[in-house]
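Notes follow once the structure below has been shown.
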Amino acid sequence: MKQQRIYLDNAATTPLAPEVLQIVIEAYQSYIGNPSSIHTHGRMAKTALEKARKQIAQIIGAGPGEIYFTSGGTEANNTALMGAVRDLGIRRIISSRLEHPSVLNMLNHLQTQYTDLIVHWIKVDDKGAPLPEDLDTLLGQSQEETLVSLMHANNETGTLTDLASISQICHDHHAILHTDTVQTMGYYPLDIEALNVGFLSASAHKFYGPKGVGFLYMSNANIVRPLLYGGQQERGIRSGTENIAGILGLAKALTLMEEHRAARKKKIIELREYLIKGIRLHLPQCTLEHDNINKCHYKIVNMALPPSPKAELAVINLDIAGISISGGSACSSGAEKTSHVMEILHPADVRKHIRVSFSHHNTIEEIDELITQLSKII
């Protein structure tokens, strides 16, 4: 009997939950109408759509009218950043050089389109966490309307941003905060009112939902114009017939995360601690990027392997051995190269960094196999 492959790349994407798959199938079967149509089939689809919107809004403490469905995190990030500059008069943005490419590339694009736009890069600590005190300094240097765009957890290292401190500083300086929560939505409780954010991005496939669907939270105080022009779906902000099945799947997946967060987190932390213990015992020559669970996303372990030809091809060698992990971000066209995150955090490091990311489906036996195969490589 062929051994089942081991999947440990859950920061890239997660398997669709069976309960979510059932909802998606039922949606395709039950809601055949266009939610913009006024007939019964259309109204049924519209009702289901708005129910899902209310579910999501309730979970994050937002108003239903502040949730806009998108194709995922990239579109949500792009909409927030483009809209802030084009429509809200933002001419100063503070961000981090460690952000996701959907933020960094949009900022580069905006600077080519708006020559008076200034982008400041916040200082980070040795793990890549933005320094609140530097944000306070930057915001205090000018009274100009400013957008701060910082991800909640880095997708490669797992480093967490202190959103509570960041949001308070933004509030004190009357700056608008945009946060990319693609890696943390569902895994951590997020309260819109407490965080005082203007924009928030999320993507369903990171928390056991369908691929190709996400949402943008946009506060009623910061309404921007759309990226796509067409019909008036999503209150004119996101034209195009809504992906009913995907949206219902998103709402179900997020609801399941909310209901089972504590148990899933406990299981994943146990796996994480077991792997870290195994690395220290059997692979002491490997260096962990993080060992403080309070400053790192609990589902991500990033480690550096000692230099060697085999280590350089660790992702491929583990794949041949039946284990799927990552060398960094999943949004790099499949390229195996040093990421911008590692180039900034460890500019002189010649070691190969790999990322292991868990789900509650993983087992101790799978971690044992990973350690065994890593031992062969090293």
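Just a yes or no: is a residue in region 203-214 out of contact with any Ser or Thr (no Cβ under 9 Å at 6 or more places or on another chain), on the phi < 0 side of the Ramachandran plot and not basic (Lys, Arg)? Break it down stepwise before answering.
Narrowing region 203-214 to residues out of contact with any Ser or Thr (no Cβ under 9 Å at 6 or more places or on another chain): 204, 210.
Applying the additional criterion that residues be on the phi < 0 side of the Ramachandran plot yields 204, 210.
If we keep only those that are not basic (Lys, Arg) too, we end up with 204, 210.
Yes, region 203-214 contains a residue that is out of contact with any Ser or Thr (no Cβ under 9 Å at 6 or more places or on another chain), on the phi < 0 side of the Ramachandran plot and not basic (Lys, Arg).
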- Query: Taking residue 309, is it farther than 30 Å from residue 123 by Cα and without any contact (Cβ under 8 Å) to a residue 24 or more places away in the chain?
  - Reply: yes
- Counting only residues that are aliphatic (A, V, I, L, M) and not assigned by TED's automatic domain parsing to the domain that holds residue 104, give me the helices (runs of 4 or more DSSP H) lying completely in region 261-378 with at least 2 of them. 314-320, 340-345, 364-377
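Mind telling me which of the residues 149, 165, 239 ends up being of a type outside the set (A, V, I, L, M, F, W, C), surrounded by 20 or more Cβ atoms within 10 Å (Cβ to Cβ) and either assigned by TED's automatic domain parsing to the domain that holds residue 76 or within 30 Å of residue 8 (Cα to Cα) (or both)? So that I can check it myself, show each step before the final result.
Values: 165 fails: surrounded by 20 or more Cβ atoms within 10 Å (Cβ to Cβ); 239 fails: surrounded by 20 or more Cβ atoms within 10 Å (Cβ to Cβ).
Just one listed residue meets the conditions, 149.
Among residues belonging to region 339-356 that are closer than 19 Å to residue 314 by Cβ and out of contact with any Gly (no Cβ under 8 Å at 6 or more places or on another chain), point out the one that is modelled with the highest pLDDT.
Of the residues in region 339-356, the ones closer than 19 Å to residue 314 by Cβ are 339, 341-343, 345-346, 349-356.
Restricting the remaining residues to those that are out of contact with any Gly (no Cβ under 8 Å at 6 or more places or on another chain) gives 343, 346, 349-351, 356.
On the way: 343: 93, 346: 89, 349: 86, 350: 87, 351: 90, 356: 98.
The residue in question is 356.
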- Message: For the condition farther than 20 Å from residue 200 by Cα and under 20 Å from the mean Cα position of the chain (by Cα), what is the one hit in 73, 128?
- Response: 128
- Exception for residue 174 within (1) touching a Ser or Thr at 6+ places or on another chain (Cβ under 9 Å); (2) crowded, with 24+ Cβ neighbours inside 10 Å falls at (2)
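Find the helices (runs of 4 or more DSSP H) located wholly in region 116-224 whose residues include 2 or more that are of a type in the set (D, E, K, R), and list them. Reasoning before the result, please.
Values: elements: 132-140, 163-172, 192-195.
It comes to 132-140.
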- Hey, can you tell me all the residues within region 242-284 that are among the β-branched types (Val, Ile, Thr) and under 13 Å from residue 186 (Cα atoms)? 255
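Pick out the one residue from 228, 135 that is in the same structural domain as residue 107 (by TED's automatic domain parsing), modelled with pLDDT under 95, more than 19 Å from residue 57 (Cα to Cα) and out of contact with any His (no Cβ under 7 Å at 6 or more places or on another chain). Spell out how you get there, then give the answer.
On the way: 135 fails: modelled with pLDDT under 95.
228 is the lone residue from the list that is in the same structural domain as residue 107 (by TED's automatic domain parsing), modelled with pLDDT under 95, more than 19 Å from residue 57 (Cα to Cα) and out of contact with any His (no Cβ under 7 Å at 6 or more places or on another chain).
The values are calculated or read from the model by the stated rules, or taken from the named source; none is laboratory data. What you are looking at is a predicted structure, and each value in this text was computed from that prediction instead of being measured. Cβ atoms come from the backbone with ideal geometry, glycine included; neighbour counts cover every protein chain shown.
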